[in-house]
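The values are calculated or read from the model by the stated rules, or taken from the named source; none is laboratory data. Just so you know, these numbers come straight off a predicted model, no measurement behind them. With ideal geometry, Cβ positions are generated from the backbone for all residues, glycine too; neighbour counts draw on all protein chains shown. Ligands, DNA and RNA are stripped out before the accessible areas are found, and what is left, the full protein with its side chains, is counted by its heavy atoms. Shrake-Rupley method; radii C 1.70, N 1.55, O 1.52, S 1.80 Å.
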Amino acid sequence: MLQDSAVLSAIGLATALAMRGLKPSRVGPSRLEWGAGLATAWSVVDHAWRELRERGYFDPEVLALAYLVTALVRGNILSASVVTWLTTFGRHLIEVAPTGVEVRPMEVP
């Protein structure tokens, strides 16, 4: 299930993409694109932090944040934000039924 930060980030990305489609002649990234990029970075960090607290580790998918940070520095914000969002949260869009058995060892007194 997606966290609230991921949903807000997706809304920001969708809005920025729509505005880019309406005004394609823009030279540099707009404030809306910067906001969507920073919201995406925040949501990935939030996702990694939650996984770290719940499971003790985070999935390698959050390493796409390094790509996003590099893109923020270079000014290629919108496309990198979309790729980072899909890389990090794409697998959470599809609910797969769990297979196998979960075993939780317990100490027997």
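Numbers below:
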| item | result |
| --- | --- |
| Contour minus Cα-Cα distance for ASP59 and ALA14 (0.36 nm per residue) | 13.7 nm |
| Between the range 11-38 and the range 48-94, the Cα center-to-center distance that results, in Å | 19 |
| Cα centre as origin, Lys/Arg/Asp/Glu Cβ charges: the chain dipole, Debye | 620 |
| Cα lying deepest toward the dipole's positive end in the chain, options MET1, THR84, GLY21, charges on Cβ | GLY21 |
| Gain in span if fully extended, LEU2 to LEU38, counting 0.36 nm per residue against the direct Cα distance | 11.2 nm |
| Rounded percent of accessible protein surface that carbon and sulfur make up, the chain, 1.4 Å probe | 65 |
| Förster-model FRET efficiency, 35 Å R0, GLU95 and VAL69, C-beta, rounded to 0.05 | 0.70 |
| Paramagnetic label zone (point 7 Å from Cα along Cα-to-C-beta, SER30; backbone N under 15 Å) in the range 46-87 | 77-79 |
| Phi-based couplings in Hz for the range 30-37 (Karplus 6.51, -1.76, 1.60; Gly and Pro marked x) | 7, 5, 5, 5, 4, x, 5, x |
